[in-house]
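In what follows, a single structure is set out as structure tokens and then discussed.
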Ligand SMILES: NC(=O)c1ccc[n+]([C@@H]2O[C@H](COP(=O)([O-])OP(=O)(O)OC[C@H]3O[C@@H](n4cnc5c(N)ncnc54)[C@H](OP(=O)(O)O)[C@@H]3O)[C@@H](O)[C@H]2O)c1
């Protein structure tokens, strides 16, 4: 299970998980992004959190529960996934984009006791901890890209003057793929 699944990180994490043999379900906002995940990237299931009831979608797409949750968004979505995790599940905290602009306290997961009941682990992951494995990642990803197993979608916006609006796309879902500001 991956949140922010149509984004830069989520779409790559989901595809790598599939290549490694997992059944992958993504959470994304909107029909276009969800269709892209299943039809173009081969995700096994999707939940459109903007139009579906997330808890019902989790039951529908993960009837046997969630073994690994790769979380990019935090907040309510993390809290809704936690009761669905399996015994020994792993919750990877990669990001919490729903919380970055909070003026009040960050919303933590109230359903964290699911970690206790399920003897599960929630752990932060920062990509720079894996610098020593970048060459391995570049080699594998280059092979997967050239064989078509991995697809990368970019959303390129031109002009430094658009920076404020471009940045805000990350928080509204206005981007579709890796958001790149082209400075010419
Ligand atoms: N740990 C690390 O080493 C590391 C490295 C890079 C990035 N990150 C984190 O990874 C996450 C994704 O980064 P990215 O560059 O790939 O961005 P991205 O996913 O390309 O863009 C952000 C997406 O997040 C979704 N989103 C925004 N606000 C949301 C909300 N309130 N609830 C649910 N979804 C929301 C939107 O997609 P929808 O249209 O689907 O809502 C938006 O398009 C971020 O949290 C970032 O901080 C972590």
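The values are calculated or read from the model by the stated rules, or taken from the named source; none is laboratory data. Since the structure is predicted, the reported quantities are computational estimates derived from the model, not experimental observations. With ideal geometry, Cβ positions are generated from the backbone for all residues, glycine too; neighbour counts draw on all protein chains shown.
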Checklist line | Looking only at region 63-82, and only at residues there that are assigned to a helix (DSSP H, G or I) and surrounded by 16 or more Cβ atoms within 10 Å (Cβ to Cβ), the one that is farthest from the ligand (Cβ to nearest atom) | finding: 82
Next item on the list: Give, as residue ranges, the helices (runs of 4 or more DSSP H) completely inside region 1-62 that count at least 2 residues that are over 22 Å from residue 139 (Cβ atoms).
Entry: 31-35, 54-61
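Could you please let me know if residue 129 is in the same structural domain as residue 61 (by TED's automatic domain parsing) and either exposed (fewer than 11 other Cβ atoms within 10 Å of the Cβ) or within 14 Å of the ligand (Cβ to nearest atom) (or both)?
yes
Within region 1-11, can you find the residues that are in contact with a strand residue (DSSP E or B) (Cβ under 7 Å, 6 or more places away or on another chain) and either more than 8 Å from the ligand (Cβ to nearest atom) or closer than 17 Å to residue 69 by Cβ (or both)?
Those that are in contact with a strand residue (DSSP E or B) (Cβ under 7 Å, 6 or more places away or on another chain) and either more than 8 Å from the ligand (Cβ to nearest atom) or closer than 17 Å to residue 69 by Cβ (or both): 1, 2, 3, 5, 6, 10.
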Notebook entry, point to check: How many residues does region 83-109 contain that are over 13 Å from the mean Cα position of the chain (by Cα) and assigned to a strand (DSSP E or B)?
Noted result: 6
Next item on the list: Examine region 115-126 for a residue that is in a helix (DSSP H, G or I), loosely packed, with under 13 Cβ neighbours inside 10 Å, within 13 Å of the ligand (Cβ to nearest atom) and in the same structural domain as residue 7 (by TED's automatic domain parsing), and state whether such a residue exists.
Entry: no
Notebook entry, point to check: Is region 12-33 home to any residue that is within 15 Å of the ligand (Cβ to nearest atom), surrounded by fewer than 19 Cβ atoms within 10 Å (Cβ to Cβ) and over 30 Å from residue 156 (Cβ atoms)?
Noted result: no
Notebook entry, point to check: Among the residues of region 138-168, which ones are within 13 Å of the ligand (Cβ to nearest atom) and under 16 Å from residue 10 (Cα atoms)?
Noted result: 152, 153, 154, 155
Next item on the list: Examine region 102-112 for a residue that is exposed (fewer than 12 other Cβ atoms within 10 Å of the Cβ), at pLDDT 95 or above, more than 10 Å from the ligand (Cβ to nearest atom) and over 20 Å from residue 58 (Cα atoms), and state whether such a residue exists.
Entry: no
Next item on the list: Please state which one of 143, 158 is farther than 30 Å from residue 64 by Cα and not assigned by TED's automatic domain parsing to the domain that holds residue 90.
Entry: 158
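Which residues, counting only those in region 45-56, are surrounded by 15 or more Cβ atoms within 10 Å (Cβ to Cβ) and within 16 Å of the chain's Cα centre (by Cα)?
45, 46, 47, 48, 49, 54
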